[in-house]
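The values are calculated or read from the model by the stated rules, or taken from the named source; none is laboratory data. Small disclaimer: the values here were computed from a predicted structure and weren't measured. Counting neighbours? That spans all protein chains shown, and the Cβs are built from the backbone with ideal geometry, glycine included.
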Amino acid sequence: MIVGHALHGQAHEALELFSEMNKGRDKSNRSSESLNIVPNDVTFIGVLMACSHAGLVEKGKQYFKSMIEVYGIRPREAHFGCMVDLLCRGGCLRDAYDIIMEMPMQPNAVIWRTLLGACSLHGELELAMEVRQKLLKLEPNYVGDSVALSNIYADKGMWNNKMIARNQIKQSRPPGCSSIEVESRVDEFVTVNNP
């Protein structure tokens, strides 16, 4: 239920459920001891997503820390992804970078791309260039990363750099097509750009 609330943008409901779940851990509260529901790693994914969607950066950091120190749950890649998302949404891009660099496993392209998107949103050119280098090692042919970097250059008025970034794109998408069926016959229409 916590994850469900978090996925549907109901952060406060998700965090309230987590709070209810934790009442059973308080030994002085005899009435709720019978709940005996212990949060697991999936529970914390929901809690961290809820914090991210609600912009509760400090609370999210506290939950992440308690997950490790109080509950003894070792963070998985999904937990780090949630933390990066939380920090990026909160504008804490350097903190997001630091947590990525401290991950005990190899960060995937999605995690790096989350940071690149936040760099684009916040106009962080220097960090974006560094993140782009990391992404080039993971997925060198992913066009969207070059587009994101070129957009940051454009926002900064660095038109030459924008053109260089755009010209580095070697892969193009196949053209879009539409199909229509009339009396058991299918015709396909393709848009072709003439140079």
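I'd like to check something: does the range 155-178 contain any residue that is touching an Asp or Glu at 6+ places or on another chain (Cβ under 6 Å), surrounded by 10 or more Cβ atoms within 10 Å (Cβ to Cβ) and either over 30 Å from I73 (Cα atoms) or modelled with pLDDT of 95 or more (or both)? Reasoning before the result, please.
To start, the set of residues in the range 155-178 that are touching an Asp or Glu at 6+ places or on another chain (Cβ under 6 Å) comprises 177.
With surrounded by 10 or more Cβ atoms within 10 Å (Cβ to Cβ) added as a condition, the list becomes none.
Scanning the range 155-178, I find no residue that is touching an Asp or Glu at 6+ places or on another chain (Cβ under 6 Å), surrounded by 10 or more Cβ atoms within 10 Å (Cβ to Cβ) and either over 30 Å from I73 (Cα atoms) or modelled with pLDDT of 95 or more (or both), so the answer is no.
Give me a count of the residues in the range 99-116 that are of a type in the set (D, E, K, R) and farther than 21 Å from A148 by Cα. Qualifying residue count, the range 99-116: 1.
Of all residues in the range 7-31, those being surrounded by fewer than 16 Cβ atoms within 10 Å (Cβ to Cβ), of a type outside the set (K, R), modelled with pLDDT under 85 and within 23 Å of I73 (Cα to Cα) number 1. When the test is whether a residue is farther than 19 Å from H8 by Cα and touching a helix residue (DSSP H, G or I) at 6+ places or on another chain (Cβ under 8 Å), M67 passes it. All conditions but one from (1) part of a loop (DSSP other than H, G, I, E, B); (2) touching a helix residue (DSSP H, G or I) at 6+ places or on another chain (Cβ under 6 Å) apply to R74; the one that does not is (2).
Assess whether K137 counts as being surrounded by fewer than 16 Cβ atoms within 10 Å (Cβ to Cβ) and closer than 26 Å to L93 by Cα. Walk me through it before giving the result.
Details: surrounded by fewer than 16 Cβ atoms within 10 Å (Cβ to Cβ): yes; closer than 26 Å to L93 by Cα: yes.
Answer is yes for this residue.
Checking L127, L121 one by one, the residue that is modelled with pLDDT under 95 and either in a helix (DSSP H, G or I) or among the acidic types (D, E) (or both) is L121 and no other. I need a count of the residues in the range 78-121 that are within 13 Å of F64 (Cα to Cα) and either in contact (Cβ under 8 Å) with a residue 40 or more places away in the chain or surrounded by fewer than 17 Cβ atoms within 10 Å (Cβ to Cβ) (or both). Adding up the residues that qualify gives 1. Here R166 fulfils each of the conditions (1) more than 23 Å from V84 (Cα to Cα); (2) without any contact (Cβ under 8 Å) to a residue 12 or more places away in the chain; (3) not in a loop (DSSP other than H, G, I, E, B) apart from (2).
Check the range 59-75 and report whether any residue there is over 29 Å from D155 (Cβ atoms), crowded, with 18+ Cβ neighbours inside 10 Å and within 13 Å of the chain's Cα centre (by Cα). No; the residues of the range 59-75 include none that is over 29 Å from D155 (Cβ atoms), crowded, with 18+ Cβ neighbours inside 10 Å and within 13 Å of the chain's Cα centre (by Cα).
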